[in-house]
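Notes follow the structure.
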There are 2 protein chains.
Amino acid sequence: MQIIRPAPLTRAAFAPFGDVIDTDGADAFPINAGMTTRFHDLATVDVAAGAGRPAIAIFRSTPVSLPFDIALMERHPLASQAFFPLAPRPWLVVVADDEAGRPGTPLAFLATGAQGVNYGRNVWHHPLLALESVTDFLIVDRGGADNLEEFSLEAPVRIEG
Amino acid sequence: MQIIRPAPLTRAAFAPFGDVIDTDGADAFPINAGMTTRFHDLATVDVAAGAGRPAIAIFRSTPVSLPFDIALMERHPLASQAFFPLAPRPWLVVVADDEAGRPGTPLAFLATGAQGVNYGRNVWHHPLLALESVTDFLIVDRGGADNLEEFSLEAPVRIEG
């Protein structure tokens, strides 16, 4: 079985797949008479294809533990999809390049509990993978239907810690 | 000095001002082969006026304590603005009806650390008010400028606990 190991989630490594939503290294400036720092423009929300509208949701996710075998990838042809954890626990991000309409070899990243991601439109990714315990995530994606493409891998890929 | 006291934040009480972002009582259904529950369509993100685009930010907010005197309200003519706390601490939401282009008497709500809000476009609200300790919030609003109107109150209004 093919085995992959998570790398730390960094803007540079994740750039081909979307945005890392993280205060670290972000453009920041004071607002509200200095009471608040705004870490600005952390993700490009791209939901307007097919006359879409942005929607906010919360996903409550049952955790997995490593090693974990992934068997399916998905993508959203009409919209980006942003995830941010609402508890400070690490979580797993798994993405793949597109190879002629199907996902290539998956890449895994270990996000900290202070990092979110925004998958670009049409970027192959695994469904949400919480770790340690049930975790809520705030989601920004697209209202409306017909925005999901799934691909079952011929052989599962194992993520090891 | 006029004194107001925070009420619990509920969908019904907050409806004239926008959405409460809360799993409690939300439309929910399983996704990802049952591994995740999606609490769906929690807020109406309305950022497209003036050819806007949605933007994701993080606000890091210095806390206040009660009693706290508010002296200024603001609103965003081109977009809704959603706030969700990234730590499970209560926070304050202060809004007002519009009265001929200026804010009426402020209303205060005490949000739990599991509740966000989405201020409707053009709804008068106070800048972010964290409680207890420095708190990060995830924000969904509008990229671009010229989307802020501020109003200084003739007399401050005191929020008491």
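Among the residues of region A:46-66 satisfying the criterion of being surrounded by fewer than 21 Cβ atoms within 10 Å (Cβ to Cβ) and β-branched (Val, Ile, Thr), which is nearest to B:ASP41 (Cα to Cα)?
My answer is A:THR62.
Examine region B:101-117 for a residue that is facing chain A (nearest Cβ under 9 Å), of a type outside the set (S, T, N, Q) and touching a residue at least 60 places away in the same chain (Cβ under 8 Å), and state whether such a residue exists.
The answer is yes, given that some residue of region B:101-117 is facing chain A (nearest Cβ under 9 Å), of a type outside the set (S, T, N, Q) and touching a residue at least 60 places away in the same chain (Cβ under 8 Å).
From the set of residues in region B:1-45 that are acidic (Asp, Glu) and farther than 21 Å from B:ASP98 by Cα, which is surrounded by the most Cβ atoms within 10 Å (Cβ to Cβ)? Show your work before the answer.
Just the residues of region B:1-45 that are acidic (Asp, Glu), to begin with: B:19, B:22, B:24, B:27, B:41.
Filter again for farther than 21 Å from B:ASP98 by Cα, leaving B:22, B:24, B:27, B:41.
Values: B:ASP22: 21, B:ASP24: 11, B:ASP27: 10, B:ASP41: 15.
My answer is B:ASP22.
Just name the residue that is nearest to the chain's Cα centre (by Cα) out of those in region B:69-95 that are over 27 Å from B:LEU42 (Cα atoms) and away from every other protein chain (no Cβ under 11 Å).
Among residues in region B:69-95 that are over 27 Å from B:LEU42 (Cα atoms) and away from every other protein chain (no Cβ under 11 Å), the one nearest to the chain's Cα centre (by Cα) is B:ILE70.
Just give me the residues in region A:40-69 being on the phi > 0 side of the Ramachandran plot and touching a Ser or Thr at 6+ places or on another chain (Cβ under 6 Å), in sequence order. Spell out how you get there, then give the answer.
Applying the first criterion (on the phi > 0 side of the Ramachandran plot) to region A:40-69 yields A:41, A:50-51.
Selection gives nothing.
Only residues that are outside any strand (DSSP E or B), on the phi < 0 side of the Ramachandran plot and within 13 Å of another protein chain (Cβ to nearest Cβ): list them for region B:125-161, please.
If the condition is that a residue be outside any strand (DSSP E or B), on the phi < 0 side of the Ramachandran plot and within 13 Å of another protein chain (Cβ to nearest Cβ), then B:HIS126, B:PRO127, B:LEU128, B:VAL134, B:ALA145, B:ASN147, B:LEU148 are the ones that fit.
For region A:74-124, which positions are in a strand (DSSP E or B) and of a type in the set (Lys, Arg)?
Of all residues in region A:74-124, those in a strand (DSSP E or B) come to A:74-75, A:81-85, A:91-96, A:98-99, A:102-103, A:107-111, A:116-119, A:124.
Hits for region A:74-124 are A:ARG75, A:ARG102.
I'd like to know if region A:46-58 contains one or more residues that are free of Cβ contacts under 8 Å to residues at least 40 places away in the same chain and of a type in the set (A, V, I, L, M). Let's see the steps before the verdict.
First pass over region A:46-58, keeping only residues free of Cβ contacts under 8 Å to residues at least 40 places away in the same chain: A:48, A:51.
After this cut, where a residue has to be of a type in the set (A, V, I, L, M) as well, the list is A:48, A:51.
Checked region A:46-58: at least one residue is free of Cβ contacts under 8 Å to residues at least 40 places away in the same chain and of a type in the set (A, V, I, L, M).
Inside region A:16-68, counting only strands (runs of 3 or more DSSP E) that do not spill past its ends, which hold 1 or more residues that are facing another protein chain (nearest Cβ under 7 Å) and among the polar types (S, T, N, Q)?
On the way: elements: A:18-21, A:28-31, A:36-44, A:53-61.
Passing ranges, in order: A:36-44, A:53-61.
Take B:ALA71 and tell me if it is assigned to a strand (DSSP E or B), at pLDDT 95 or above and small (Gly, Ala, Ser).
Values: assigned to a strand (DSSP E or B): yes; at pLDDT 95 or above: yes; small (Gly, Ala, Ser): yes.
Criteria met by B:ALA71.
The values are calculated or read from the model by the stated rules, or taken from the named source; none is laboratory data. Keep in mind the model is a prediction, meaning the values are calculated, not measured. A quick note on method: Cβ atoms are made from the backbone with ideal geometry, for glycine too, and the neighbour counts reach across all protein chains shown.
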